[in-house]
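Asks: The structure follows.
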Amino acid sequence: MTTMLGLDLTGRRVLVVGGGPVAARRVQALVADGARVLVVAPALCEPLRDAHRWGQVEWRSHEVREDDLDDAWLVLTATGDRATDDQVAAWASQRRVFCVHAGRVAGGTARTPATTSLGDVLVGVVSTGAPDPGRTTVVRDALAEKVRDVLADHLREGHVDVRGKRRRDEGRVVLVGGGPGDPGLLTLAGRRALAEADVVVTDRLGPVDVLDELAPDVEVIDVGKTPGNHPVPQHEIGRILVEQAQRGRVVVRLKGGDPFVYGRGGEEVLACREAGVAVSVIPGVSSALAAPAAAGIPLTHRGTVGALHVMNGHDGWSQAALVGLRDATCTVVVLMGVSALGELASRALEFGVPATTPAAIVERATTPTQRVTRASLATLEATALAEGVRAPAVLVLGEVAAEGLLAPRPVDSPDASDLTDRTMAW
């Protein structure tokens, strides 16, 4: 028999053994819950390296030892090596510390439920007998949709897994805009597409937590790019999408933001159409809009500015953007511009944009590690260097980026009583 409990991990040590993507996804949730996370692994994947660099987790760079469990309230082991994970689970059991065994659920003394957030309510489903992650995911999704149907009256039918009902010649590709990072900003249509997927081709950006919700037999192909490192070139991504669909599979291309806003979604659609593969697009919340909103920056504001210009930092300035910024007639949002901050600022100053023009850089927007750095155009590069600004980040330039443009409500405002860490009352 399994009893479901809500654990308050705030300020309490949680040991995570393993440095790979599975451990990274668990760590992100633990950090959001306020736990003191200790990661033990000889090496870390990029998200965990970033979490350590930002001071969110402690890291011990060695193979796990029994004394690493000292003072732990909870242990999660996800090394990918069955013998190591079994040993960690045995140590935890001897110490009477609950342990989640990612590689063999039955080998641990605790289970991670399939969860979804409904406002300020967290809904979780866990199997009580033999581990059955596929069924718990289906039940979780069906329950969540029924609740949303009652509360919002905007869902027409339940959430079901229909993958087994297709003919093998019905392969297709669905480009899903995942939004800026918070899984709550992934649309219902996007979640439905993921529930039908046989294959998910994913980036490093966007709501990677939803990969934990996939059925066990769904294949996940990581084609993520980092600044200056593109291990899977764009033409190869197109080939993967086409090849998988031609095998009769439903392929979801999960992208951060919106597929058609600097997401190269148009190229992927063309690759599919040229190969005769059915393809569709589910829009997503672009970080160009979400990041400023999450930072409390209105891109247009009556009496201040009424136009918006979105640009790719790699491409440099357009005449229209420079004129709009110089004359204070538009807000400029720059995506993928961290590596070019100095050049962008210098060029704008040369063109005559005022040195005092407000700027804001929003890093990791809508995630628990979101950070906003403010400067003027003249001090932009130096401030970013001093603060260690890193991609992914969105740059906002213009009067709306001025700190204090909107006055925050008092904390005790009735309208602000249900705020989360990533929501601001303005």
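Asks: Nearest 0.05, what FRET efficiency do Asp8 and Asp50 give at R0 = 35 Å with Cβ-Cβ as r?
Replies: 0.85
Asks: Let me ask something else about it. Once amide H atoms are placed 1.01 Å from N in the peptide plane, what residues at a sequence separation of 5 or more from Val220, or on another chain, have their amide H within under 5 Å of its amide H?
Replies: Distant-sequence amide H within range of Val220: Val200.
Asks: For the stretch 161-285, state the average projected area of the convex hull of the C-alpha atoms over all orientations, rounded to one decimal in nm².
Replies: Dividing the Cα hull surface by four gives the mean projection, 7.0 nm².
Asks: If you stretched the chain out fully between Val220 and Arg104, how much longer would it get, using 0.36 nm times the residue separation minus the C-alpha to C-alpha distance?
Replies: Net length gain for the segment: 39.8 nm.
Asks: Using amide H atoms built in the peptide plane, which far-off residues or other-chain residues are under 5 Å from Val250 H to H?
Replies: Arg172, Asp198, Val199
Asks: Within the stretch 288-401, what percent of beta bridges assigned by DSSP are antiparallel, to the nearest 5?
Replies: Once the DSSP bridges in the stretch 288-401 are tallied, antiparallel ones form about 75 percent.
Asks: Please identify every one of the trypsin sites (Lys or Arg not before Pro) in the stretch 78-111 that sits in a loop by DSSP and has no more than 11 other beta carbons within 10 Å of its own beta carbon.
Replies: Loop-located and lightly packed - Arg96.
Asks: For the stretch 55-103, which GluC sites (Glu not before Pro) are both in a DSSP coil and crowded by at most 14 other Cβ atoms within 10 Å?
Replies: Glu63
Asks: Report the trypsin sites (Lys or Arg not before Pro) located in the stretch 228-328 that are in a DSSP loop and have at most 16 other Cβ atoms inside 10 Å of their Cβ, or state none.
Replies: When the trypsin sites (Lys or Arg not before Pro) of the stretch 228-328 are filtered for loop state and at most 16 Cβ neighbours within 10 Å, Arg247, Arg264, Arg302 remain.
Asks: Out of the DSSP beta bridges found with both residues in the stretch 161-285, what percent are antiparallel (nearest 5)?
Replies: Antiparallel bridges make up about 10 percent of those DSSP assigns within the stretch 161-285.
Asks: If the stretch 13-112 were replaced by its equivalent ellipsoid, with semi-axes equal to the square roots of 5 times the Cα gyration tensor eigenvalues, what would those be, largest first, whole Å?
Replies: With the √(5λ) rule applied to the stretch 13-112, the semi-axes are 19, 13, 13 Å.
Asks: What is the distance, in nm, between label points placed 7 Å from the Cα along the Cα-to-Cβ direction at Thr356 and at Ala278?
Replies: Calculated label separation equals 6.0 nm.
Asks: How many nm separate the modelled label positions at Ala83 and Asp327, each set 7 Å beyond the Cα in the direction of the Cβ?
Replies: 7.2
Asks: Provide the per-residue ³J(HN,Hα) series for the stretch 382-399, in order, calculated from phi with Karplus coefficients 6.51, -1.76, 1.60 and θ = phi - 60°, each as a whole number of Hz, with x at glycine and proline positions.
Replies: Per-residue couplings from phi come out as 5, 5, 4, 5, 5, 8, x, 5, 9, 6, x, 8, 10, 9, 10, 10, x, 4 Hz.
Asks: R0 = 41 Å: FRET efficiency of Thr187 with Trp73, Cβ-based, nearest 0.05?
Replies: So, using R0 = 41 Å, E works out to roughly 0.70.
Asks: Continuing with this model, one more query. Determine, at each q value in 0.13, 0.14, 0.22, 0.23 (inverse angstroms), the log₁₀ of I(q)/I(0) that the Debye formula gives when each Cα of the stretch 288-401 is one equal point scatterer.
Replies: -0.40, -0.47, -1.26, -1.39
Bear in mind that the values in this text are calculations on the coordinates, not laboratory data. None of the values given here were measured: they were computed from a predicted structure. Cβ coordinates were reconstructed from backbone atoms using ideal geometry, including for glycine residues, and neighbour counts include every protein chain displayed.
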